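Peer 1: The structure under discussion is supplied below as structure tokens; questions concerning it will follow.
The values are calculated or read from the model by the stated rules, or taken from the named source; none is laboratory data. None of these values were measured; they are calculated from a predicted model. Here Cβ is always computed from backbone atoms with ideal geometry, including for glycine, and neighbour counts include all displayed protein chains. Note: accessible area is taken over every heavy atom of the protein model, side chains too, but ligands, DNA and RNA are not part of it. Shrake-Rupley method; radii C 1.70, N 1.55, O 1.52, S 1.80 Å.
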Amino acid sequence: QVQLVESGGGKVQPGGSLRLSCVASGSIAGMNIMGWYRQAPGKQRTLVALITRDGTTQYADSVKGRFTISRDNAENTVYLQMNSLKLEDTAVYYCRRQTLVNDTWGQGTQVTVSS
């Protein structure tokens, strides 16, 4: 089964940028949807962005125009470029891979936006 490992989190000031990476232990070139989700303390995990195999994307309203999801099937990697970060973007960010038969999550990476 494919495993996912996120990286790139950290602490940044409001208005700053971070790029998260999610590396899969196996191929992501097949029929699947790759996504980024986040969970703030005391809140439910919510969708941030999705990308299909053919590159179709979907974003939460709160991040539209600021975040960009992309994928490199050759490198088995999904990225989340986060610009103009806000205090409310602080959360643990999780990568997710969904296929017809599997649903896999990474362990998460912490993003803290603080002045």
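Peer 1: Go through (1) open to solvent by 40 Å² or more (accessible area, probe 1.4 Å); (2) modelled with pLDDT of 95 or more; (3) among the hydrophobic types (A, V, I, L, M, F, W, C) and name the single condition Ala29 misses.
Peer 2: For Ala29, the exception is condition (2).
Peer 1: Under 7 Å between Cβ atoms, which residue pairs at least 6 apart in sequence (or on different chains) link something in segment 1-22 that is in contact (Cβ under 8 Å) with a residue 24 or more places away in the chain with a partner that is open to solvent by 20 Å² or more (accessible area, probe 1.4 Å) and of a type in the set (D, E, K, R)?
Peer 2: Val2/Arg97; Leu4/Arg97; Gly8/Arg19; Pro14/Lys86
Peer 1: Quick one: in segment 97-115, of everything that is part of a strand (DSSP E or B) and open to solvent by 50 Å² or more (accessible area, probe 1.4 Å), which residue is farthest from Met34 (Cα to Cα)?
Peer 2: For segment 97-115, the residue satisfying everything is Gln110.
Peer 1: Identify, from the list Gly42, Gly15, Gly55, the residue that is more than 12 Å from the chain's Cα centre (by Cα), under 16 Å from Ser84 (Cα atoms) and surrounded by fewer than 14 Cβ atoms within 10 Å (Cβ to Cβ).
Peer 2: Values: Gly42 fails: under 16 Å from Ser84 (Cα atoms); Gly55 fails: under 16 Å from Ser84 (Cα atoms).
Exactly one residue qualifies, and that residue is Gly15.
Peer 1: Give me the residue from segment 72-96 that is of a type outside the set (S, T, N, Q) and either assigned to a loop (DSSP other than H, G, I, E, B) or at pLDDT below 95 (or both) and, out of that set, surrounded by the most Cβ atoms within 10 Å (Cβ to Cβ).
Peer 2: Filtering segment 72-96 for residues of a type outside the set (S, T, N, Q) gives 72, 74-75, 78-80, 82, 85-89, 91-96.
With either assigned to a loop (DSSP other than H, G, I, E, B) or at pLDDT below 95 (or both) added as a condition, the list becomes 72, 74-75, 85-86.
Details: Asp72: 12, Ala74: 9, Glu75: 12, Leu85: 22, Lys86: 13.
Among residues in segment 72-96 that are of a type outside the set (S, T, N, Q) and either assigned to a loop (DSSP other than H, G, I, E, B) or at pLDDT below 95 (or both), the one surrounded by the most Cβ atoms within 10 Å (Cβ to Cβ) is Leu85.
Peer 1: Now for a different question. Please indicate, with yes or no, whether at least one residue in segment 45-54 is free of Cβ contacts under 8 Å to residues at least 12 places away in the same chain and assigned to a loop (DSSP other than H, G, I, E, B).
Peer 2: Yes, that holds for at least one residue.
Peer 1: Let me ask something additional. Determine, yes or no, whether Ala49 is open to solvent by less than 70 Å² (accessible area, probe 1.4 Å) and within 12 Å of the chain's Cα centre (by Cα). First the steps, then the outcome.
Peer 2: Values: open to solvent by less than 70 Å² (accessible area, probe 1.4 Å): yes; within 12 Å of the chain's Cα centre (by Cα): yes.
Answer is yes for this residue.
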